[in-house]
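In what follows, a structure is listed as structure tokens, so that the remarks can point back to it.
The values are calculated or read from the model by the stated rules, or taken from the named source; none is laboratory data. Note that the structure is a prediction, hence the values are computed from the model and not measured. Cβ sites come from the backbone with ideal geometry, for glycine too, and all protein chains shown count toward neighbours. Accessible surface areas use protein heavy atoms only, side chains included; no ligands, DNA or RNA. Shrake-Rupley method; radii C 1.70, N 1.55, O 1.52, S 1.80 Å.
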Amino acid sequence: MVKAVDGVSFDLAENEVLAVVGESGSGKTVTALSMLRLLPASAKMTGQVLFRGTDVTALREDEARKLRGSRIAMVFQDALAALNPLHRVGNQVAEAIRIHHPEVKRKEARARVVELLDLVGVPNPGARYDEYPHQFSGGMRQRAMIAMAIANDPDVLIADEPTTALDVTTQAQVLEVLQRVRERTGSGMVLITHDLGVVAGVADRVLVMYAGRVVETGGVDQVFHRPQHPYTLGLLTSLPQLAQRGQRRLRRIPGQPPSLIDVPPGCAFHPRCAFARLPEPCASTRPDLSWTTDPGHVAACHFSQQVADAGLATTGEQGS
Ligand code: SF4
């Protein structure tokens, strides 16, 4: 039994962007797939996913299918794999509309798709409707995926690493598209990423995951300016600083993320943590998420106050 995700809980308001960050294997994508009930049959899920008061986990499969792609939609990680290479891009987006609204005529669906492709910044959308995925660049394919996800004006949009594998210019354009979509639709957005620059630019709140659990969550300003978990602090201090001069080496978090088959006892981060006190309490007692002194900011660390103070000193040092 592998606990890919363990005790994750969060809420999402309308028109809010919640970023979920963490290393590969921390449980970000499994969390997202759980929300849509897209986990493989071998997976066991307990708990609730409440969408406007309805527990998604308790829905019949046909009811869940109606919700998926209409009220809750997802932009998948790999746009090339997610699009069918044998079908024209426009038809694939139109299918997303007609499957949930069979009353929409083909002509109307086409007009709507052209409008959507235009909204997400695909140039000459009327002509590109009839092209195949291989005729689109990586950035354009990602835009088409976003168009497909927002085709039915969902209330919740989950974007799983939408900018991975794109060059920085295209990344910035895709993020701008997501911002535009948010302004236009008012959807709540769960943005899964390992890129803290993306989080700073787009998100309102951030949820940091490590070894399948939430280790810190709060407003982006709170978490970035006063991180209270050593893992978050490590992520932030490993970023290159524009103000940093000279040849100082980048800081790194030592070690590797744990295998979820063999999660360290106590705090799962303790083998990599510079603040750990061993063996007690860090290797014996798992810290629960608890409130910090900032309202809305929680962290799972026995020594969060000390981490916050050290973080202020480090970020001050980096700023200077
Ligand atoms: Fe580090 Fe201990 Fe805090 Fe875990 S509980 S993050 S090991 S100081």
Checklist line | Single residue of Arg252, Arg286, Arg245 found to be modelled with pLDDT under 90 and either within 27 Å of the chain's Cα centre (by Cα) or crowded, with 17+ Cβ neighbours inside 10 Å (or both) | finding: Arg252
Check: Among the residues of the stretch 184-200 satisfying the criterion of being of a type outside the set (A, V, I, L, M, F, W, C) and assigned to a strand (DSSP E or B), which is surrounded by the fewest Cβ atoms within 10 Å (Cβ to Cβ)?
Finding: Gly188
Check: (1) surrounded by 14 or more Cβ atoms within 10 Å (Cβ to Cβ); (2) over 23 Å from Lys3 (Cα atoms): which one isn't true of Pro230, the others all being true?
Finding: (2)
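Within the stretch 5-38, can you find the residues that are among the acidic types (Asp, Glu) and in contact (Cβ under 8 Å) with a residue 12 or more places away in the chain? Full working, then the answer.
Kept after step one, since they are among the acidic types (Asp, Glu), are these residues of the stretch 5-38: 6, 11, 14, 16, 23.
Answer for the stretch 5-38, where residues must be among the acidic types (Asp, Glu) and in contact (Cβ under 8 Å) with a residue 12 or more places away in the chain: Asp6, Glu14, Glu16, Glu23.
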Next item on the list: Output the number of residues of the stretch 265-302 satisfying the condition of being within 13 Å of the ligand (Cβ to nearest atom), out of contact with any Cys (no Cβ under 7 Å at 6 or more places or on another chain), free of Cβ contacts under 8 Å to residues at least 40 places away in the same chain and in a loop (DSSP other than H, G, I, E, B).
Entry: 10
Next item on the list: Of the numbered conditions (1) within 17 Å of Arg226 (Cβ to Cβ); (2) at pLDDT 95 or above, Cys267 fails exactly one; give the number of that condition.
Entry: (1)
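Touching an Asp or Glu at 6+ places or on another chain (Cβ under 6 Å), at pLDDT 90 or above and either in a loop (DSSP other than H, G, I, E, B) or of a type in the set (D, E, K, R) (or both), is that true of Gln48? Spell out the reasoning first.
Numbers: touching an Asp or Glu at 6+ places or on another chain (Cβ under 6 Å): yes; at pLDDT 90 or above: yes; either in a loop (DSSP other than H, G, I, E, B) or of a type in the set (D, E, K, R) (or both): yes.
When the stated conditions are applied, Gln48 passes them.
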Next item on the list: Would you point out the residue of the stretch 83-100, among those that are assigned to a loop (DSSP other than H, G, I, E, B) and open to solvent by less than 70 Å² (accessible area, probe 1.4 Å), that is nearest to Ile72 (Cα to Cα)?
Entry: Leu83
Check: Mind checking whether some residue in the stretch 72-82 is at pLDDT 90 or above, open to solvent by 30 Å² or more (accessible area, probe 1.4 Å) and not acidic (Asp, Glu)?
Finding: no
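Among Leu175, Leu242, Leu233, which is the only one that is more than 27 Å from Asn15 (Cβ to Cβ) and part of a helix (DSSP H, G or I)? Reasoning before the result, please.
Values: Leu175 fails: more than 27 Å from Asn15 (Cβ to Cβ); Leu242 fails: part of a helix (DSSP H, G or I).
None of the others qualify; the one that does is Leu233.
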